[in-house]
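Undergrad: My questions will all concern the structure given below.
The values are calculated or read from the model by the stated rules, or taken from the named source; none is laboratory data. This structure is a prediction, so every number in the text was calculated from the model and none was measured. Quick reminder, even Gly has a Cβ in these numbers, built from the backbone with ideal geometry, and neighbours come from all protein chains shown. Side chains are part of the model used for accessible areas, which takes the heavy atoms of the whole protein and leaves out ligands, DNA and RNA. Shrake-Rupley method; radii C 1.70, N 1.55, O 1.52, S 1.80 Å.
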Amino acid sequence: MGLFGFGKKRAKQRAEEDVEDQKDQSKELDESKDAEEPDQSSQEDRDETAAEQEEAEQSGKGPWDSMDPEAPDTDEYLDIGALMLPFLQGSELRLKANSQTGDVLGATITYKSSSLELEPFAAPKSLGLWDEVRADLLKANPSCKEVDGVFGKELTLPVKVKGKNLLTRVVGVDGPRWMLRGIFSGPAAKGGKEKDVLDGYLADLVVVRGDEPLAPRDLVPMHAPITPNQRRGEAEDSESKDDEAAQIPGKPEGPFDSDQQTEVKTTLSRGPMFSEVR
């Protein structure tokens, strides 16, 4: 009887130990699951951070809007109205103008064997223009192909020049109420150092949209080049005139009547390589 009673007690103790073991195993599984969840959350955080960094890098690329606080300093840029052009050693600038009106219709930067033609267009306030323009080009040119490039979706377009087939690369960048189209030709349309140089040139460029009301796809007005020294000279002349006027006692403040006349003289000298296309 004593042995039988001891066996029942021992069996009960083992059952209690089994229950405790099951509790310990369940606790270990819960702790293991909790340990895995932070790792998964950390991975999601890392992925989100990487995506944010990539987006920030993309948004930090030019061309720039003149009102963007992160836009480059344009003190040493060449001013042609809608565009502020950075200095590029060894490059040449040509402006395409209407022979009848003299209006500037585009600018071309030539660097070694490559060129970059620039045209700034007005765009709607709410929507970009490049997707629409790109679709039109693809529809009108069966040989045109869409590719991914430094500035987003680009087009490669073969063109005939003097009987020869040449490859061009068409880039469009949407900004606040403007779209800038760049057409690369020569080695810059394919790859290599000249492409990198002119891509960098386009990325440093600043667009000055202005407040003038324009219809979508209208060219944003451009003018003959004004150099940094010319701008500084005009600023100094303006300050000198203001100082001189301040020293004249009893100077009338206008508006002028019919007996008074005023003459405004503005001089814009043509920059190097300015040409008119007739």
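Undergrad: Would a scan of segment 218-225 turn up a residue that is open to solvent by 80 Å² or more (accessible area, probe 1.4 Å), over 14 Å from S114 (Cα atoms) and at pLDDT 95 or above? Can you show your working first?
TA: Quick first cut of segment 218-225, residues open to solvent by 80 Å² or more (accessible area, probe 1.4 Å) only: none.
Taking every residue of segment 218-225 in turn, none turns out to be open to solvent by 80 Å² or more (accessible area, probe 1.4 Å), over 14 Å from S114 (Cα atoms) and at pLDDT 95 or above.
Undergrad: Got at least one residue in segment 166-176 being over 18 Å from L105 (Cβ atoms), of a type outside the set (G, A, S) and modelled with pLDDT under 95?
TA: Yes: segment 166-176 contains one or more residues that are over 18 Å from L105 (Cβ atoms), of a type outside the set (G, A, S) and modelled with pLDDT under 95.
Undergrad: Quick one: how many residues across segment 137-169 are within 15 Å of P63 (Cα to Cα) and either more than 19 Å from the chain's Cα centre (by Cα) or of a type in the set (A, V, I, L, M) (or both)?
TA: 1
Undergrad: Looking only at segment 61-69, decide whether some residue is assigned to a helix (DSSP H, G or I), at pLDDT 95 or above, open to solvent by 30 Å² or more (accessible area, probe 1.4 Å) and not small (G, A, S). First the steps, then the outcome.
TA: Quick first cut of segment 61-69, residues assigned to a helix (DSSP H, G or I) only: none.
Checked segment 61-69: no residue is assigned to a helix (DSSP H, G or I), at pLDDT 95 or above, open to solvent by 30 Å² or more (accessible area, probe 1.4 Å) and not small (G, A, S).
Undergrad: Return yes or no: is D103 acidic (D, E) and either over 23 Å from V206 (Cβ atoms) or more than 20 Å from the chain's Cα centre (by Cα) (or both)? Steps first, answer last, please.
TA: Numbers: acidic (D, E): yes; either over 23 Å from V206 (Cβ atoms) or more than 20 Å from the chain's Cα centre (by Cα) (or both): yes.
Here the answer is yes, as D103 does meet what is asked.
Every residue, every condition in (1) closer than 29 Å to V150 by Cβ; (2) without any contact (Cβ under 8 Å) to a residue 24 or more places away in the chain, yes or no:
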residue: K193; (1), (2): yes, yes
residue: Y201; (1), (2): yes, no
residue: V220; (1), (2): yes, no
residue: N229; (1), (2): no, yes
